[in-house]
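These notes concern the structure reproduced below.
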Amino acid sequence: MGRVYLARSEGGRTVAVKTVHDGFAQNREFRLRFAQEVAAARRVGGKWTAPVLDADTEGSAPWVATGYIPGPDLHEVVARSHGPLPPASVLALANGLAHALSAIHGAGVIHRDLKPSNILVTADGPRVVDFGIARTLETPVDGL
């Protein structure tokens, strides 16, 4: 659907820039979903996610820049690098994820795709990323 680049802002901050492939950029529904993803991530912001720094969801080549979060995703940590986590690490991870979900839900957003590859493991706790299919609590859901 797109590419993510590691970049630096003019001020020297390390950022992740997600761009949309041309074919998807021409699809009206995809652009709407991308704009909703950016809006949901902006709404959450804060400590437990990657903050949105800037975005252009209306231009000919839509993009979003977020703060870069150094660290592997949870899938990488468990499946490839370290295997099952020790109990103390699992408790710390669960505590951090509870805080993250509380902040996300407190901002009126439901992530809808929480999985190990969408959880970055950092020195200061987990970060939840990828709000591509998130819904705000005001967004009607089919049949509800």
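The values are calculated or read from the model by the stated rules, or taken from the named source; none is laboratory data. Being a predicted model, the structure only gives us computed values, none of them experimental. Glycine also receives a Cβ, built like all others from the backbone with ideal geometry; neighbour counts cover every protein chain displayed. Quick note on the areas: whole protein, heavy atoms, side chains included, nothing else; ligands and nucleic acids left out. Shrake-Rupley method; radii C 1.70, N 1.55, O 1.52, S 1.80 Å.
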Using a 1.4 angstrom probe on the protein heavy atoms only, could you order Glu10, Glu58 from most to least accessible area?
Glu10, Glu58
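Please sort 117-125, 103-111 by packing, taking for each peptide the average over its residues of neighbouring beta carbons within 10 angstrom, highest first.
Numbers: 117-125: 15.7, 103-111: 17.3.
Most protected by this proxy first, the peptides run 103-111, 117-125.
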For the chain, with a Gaussian network of springs between Cα atoms less than 10 Å apart, report the residue from Arg127, Arg80, Arg42 with the top mean-square fluctuation.
Arg80
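Starting from the Cα-Cα distance between Ser81 and Arg33, subtract it from 0.36 nm times their residue separation and give me the gain in nm to one decimal. Could the numbers behind the result be given before it?
Details: separation 48, 0.36 × 48 = 17.28 nm, distance 3.33 nm.
Residue separation times 0.36 nm, minus the Cα-Cα distance, leaves 14.0 nm.
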Ala55 long-range amide H proximity, modeled H, under 5 Å
Ala65
Where does helix 28-44 land angle-wise versus the long Cα axis of the chain, in degrees 0 to 90, nearest 10?
50 degrees
0 to 90° range, to nearest 10: angle between helix 87-106 axis and the chain longest Cα axis:
30 degrees
Could you pull the Cα extents of the chain along its three principal axes, largest to smallest, in whole Å?
47, 43, 27
Charge sum, other residues only, whose C-beta stays under 14 Å from Pro116's C-beta, Lys/Arg counted +1 and Asp/Glu -1:
-1
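For every helix of n ≥ 4 consecutive DSSP H residues, a contribution of -39,500 (n - 2.57) applies; sum these over the chain, divide by its total residues, and give [θ] at 222 nm rounded to the nearest 500 deg cm²/dmol. Present the calculation step by step, with values, prior to reporting the outcome.
Numbers: 3 runs with 41 residues, N = 144.
Result for the chain, helices only: -9000 deg cm²/dmol.
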